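Engineer: Handing you this structure, nothing more for now.
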Number of protein chains: 2
Amino acid sequence: MDVTGPGPLTNPTLELIARRSSTRTYDPAPLSGDERDAILHAALRAPTAGNMVLYSIIEVDEQATKDRLATLCDDQPFIAAAPWVLLFLADWQKWTDLFAASGVADIEADAPRTHVGHGDLMLACADAIIAAQTAVIAAESLGIGSCYIGDVIENGEQVAELLELPPHTFPAAMVCFGRPRKPRAPIGRYGRNLVHRDRYHRMTGAEMAEVARELGELHAPSGLPQGVTSYPQAVYRRKFASTFMAEMNRSAAWWIERWTRGER
Amino acid sequence: MDVTGPGPLTNPTLELIARRSSTRTYDPAPLSGDERDAILHAALRAPTAGNMVLYSIIEVDEQATKDRLATLCDDQPFIAAAPWVLLFLADWQKWTDLFAASGVADIEADAPRTHVGHGDLMLACADAIIAAQTAVIAAESLGIGSCYIGDVIENGEQVAELLELPPHTFPAAMVCFGRPRKPRAPIGRYGRNLVHRDRYHRMTGAEMAEVARELGELHAPSGLPQGVTSYPQAVYRRKFASTFMAEMNRSAAWWIERWTRGER
């Protein structure tokens, strides 16, 4: 599919989805109260598993907290300059607290379930990210740009302490919001072998060569970085084998272990 | 925040987000090719980490596969009756395959990184769910309803075999699409303590009582199920301590272990 060109149908929502790209340079003017509320309202209307709302949103307002997050999230100063920062937390803590307070022991013949597991985590992460992307699209409909910060998974111990996150929470997505200070370049996106029919199609060697060629043309039209001979090699070096991904993997394992272990 | 009422601003996108609720009863007419392509195009335009597109979409077309998924996903026959089913897979497999095929060993002084970790998984899940929710909103803009199937995390061994999923993939979200066969009731949503300021606010006993009251009024206006005395107790019994959540937790641990272990 040609993902860089326009789609076959159009309406205001499809248009804004097609033209959006991430915003990292912000008009410093704060968003209005109505804008913030409209974006939060949209996020909170997003679908959630069993209507349980398995997430919470932390609105990061204090400059000192933004500054610290900018450092902890792989040193990206633009985070500190974003007019509005929302953290979407996977959150079963509120429910386990509610269960304990509501006396579930009274309705249990056996010991009540207190362990929060990997499935609970993945379901809550889905809820949190569904809300985050709804906020992103709602913001875009108001002319407000956004940027996901995947690096919020890094340095878990310090992020948890900074934001006072209890054990059954996980920072599923952080998003910076603000009006773009300059026109955003439309982003190219490769479209090969992204949609499979009925089962997973693992690429053949010839297909992989085609994907590598398409990626190179899209993302490195003026040539590849020194020391690599293909775009996959560049991604390997800059992303997969990077220091920040090593930290993200270490830290994510810590978050997951903490979540499933519960209170110390 | 009053999440059940309207938000403070409006436009076509905010309106469709505010009014959407899940669709489980479908007009059996298939979606048109343009509708499918427009929804896929929107999904594939969604933001992804480092522009790496860390997901793949499986379009489930065969009736036998839909039938099997309906059984494996906690026995929900409406899945088999959905005109269109998309599985959004977190997918690092395509990249590790591309890395191997592109000869990353040639650019590595030491042994190339082959282990795919928990951070890679969480980042790829975010990508997959961001794409899924973009598809959901795009569909809604075309009058096409949708329903997330969180239960796709269950019965991992069988889902992986059915869809031939390689190790570095994870079923982050499955979504059924189709035109609603009957008008959808607007859904109520509680709004208390969902947005925190600067740090996580753990509810006090009085706040928990307020949340429990609001939840009961919204979701059990005509009374609670037998054997429970509060809405949190109902959620505990019907969700948290249910057989399907036990299976989801078992299976998610299996998926994560498989992902980080890699090829057997």
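Engineer: So which residues in the range A:180-214 are in contact with a Lys or Arg (Cβ under 9 Å, 6 or more places away or on another chain) and either open to solvent by 50 Å² or more (accessible area, probe 1.4 Å) or without any contact (Cβ under 8 Å) to a residue 40 or more places away in the chain (or both)?
Structural biologist: Across the range A:180-214, the qualifying residues are A:R184, A:P186, A:I187, A:N193, A:R202, A:M203, A:E207, A:M208, A:E210, A:V211, A:E214.
Engineer: I'd like the residue in the range B:10-22 that is out of contact with any Ser or Thr (no Cβ under 9 Å at 6 or more places or on another chain) and part of a loop (DSSP other than H, G, I, E, B) and, out of all such residues, is most open to solvent (accessible area, probe 1.4 Å).
Structural biologist: The qualifying residue most open to solvent (accessible area, probe 1.4 Å) is B:T10.
Engineer: If you check B:Y200 against the conditions, is it within 11 Å of chain A (Cβ to nearest Cβ) and under 30 Å from B:G117 (Cα atoms)?
Structural biologist: yes
Engineer: Okay, moving on. Pairs please, first residue from the range B:218-233 and surrounded by 14 or more Cβ atoms within 10 Å (Cβ to Cβ), second anywhere and assigned to a loop (DSSP other than H, G, I, E, B), Cβ atoms under 6 Å, 6+ apart in sequence or on different chains.
Structural biologist: Filtered contacts from the range B:218-233: B:L218/B:G188; B:L218/B:Y190; B:S230/A:S102; B:Y231/B:A220; B:P232/A:S102; B:Q233/A:S102.
Engineer: Still on this structure: Filter the range B:23-68 down to the residues that are small (G, A, S), open to solvent by 40 Å² or more (accessible area, probe 1.4 Å) and in contact (Cβ under 8 Å) with a residue 60 or more places away in the chain and list them by number.
Structural biologist: Matches in the range B:23-68: B:A29 only.
Engineer: Now for a separate question. I need the full set of residues from the range B:161-179 which are open to solvent by less than 40 Å² (accessible area, probe 1.4 Å), more than 7 Å from chain A (Cβ to nearest Cβ) and in contact with a Ser or Thr (Cβ under 8 Å, 6 or more places away or on another chain), in order please.
Structural biologist: Once the filter is applied, which keeps residues that are open to solvent by less than 40 Å² (accessible area, probe 1.4 Å), more than 7 Å from chain A (Cβ to nearest Cβ) and in contact with a Ser or Thr (Cβ under 8 Å, 6 or more places away or on another chain), the range B:161-179 yields B:H168, B:V175, B:C176, B:F177, B:G178.
Engineer: Still on this structure: Could you please find all residues in the range B:1-60 being more than 7 Å from chain A (Cβ to nearest Cβ), touching a strand residue (DSSP E or B) at 6+ places or on another chain (Cβ under 7 Å) and among the acidic types (D, E)?
Structural biologist: B:D27
Engineer: Shifting gears a bit: Is at least one residue of the range B:149-170 out of contact with any strand residue (DSSP E or B) (no Cβ under 8 Å at 6 or more places or on another chain), free of Cβ contacts under 8 Å to residues at least 12 places away in the same chain and not in a helix (DSSP H, G or I)?
Structural biologist: Yes, there is a match, as at least one residue in the range B:149-170 is out of contact with any strand residue (DSSP E or B) (no Cβ under 8 Å at 6 or more places or on another chain), free of Cβ contacts under 8 Å to residues at least 12 places away in the same chain and not in a helix (DSSP H, G or I).
Engineer: Would you mention how many residues in the range A:104-139 are more than 17 Å from A:A49 (Cβ to Cβ) and in contact (Cβ under 8 Å) with a residue 12 or more places away in the chain?
Structural biologist: Of the residues in the range A:104-139, 8 are more than 17 Å from A:A49 (Cβ to Cβ) and in contact (Cβ under 8 Å) with a residue 12 or more places away in the chain.
Engineer: Quick check, is B:V116 more than 7 Å from chain A (Cβ to nearest Cβ) and in contact with a Leu (Cβ under 8 Å, 6 or more places away or on another chain)?
Structural biologist: In short, no.
Engineer: Of all the helices (runs of 4 or more DSSP H) wholly in the range B:30-126, which have at least 2 residues that are aromatic (F, W, Y) and modelled with pLDDT of 95 or more?
Structural biologist: B:93-101
The values are calculated or read from the model by the stated rules, or taken from the named source; none is laboratory data. Quantities reported herein were computed from a predicted structural model and do not represent experimental measurements. So basically every Cβ, Gly included, is an ideal-geometry build from the backbone, and we count neighbours across all protein chains shown. Ligands, DNA and RNA are stripped out before the accessible areas are found, and what is left, the full protein with its side chains, is counted by its heavy atoms. Shrake-Rupley method; radii C 1.70, N 1.55, O 1.52, S 1.80 Å.
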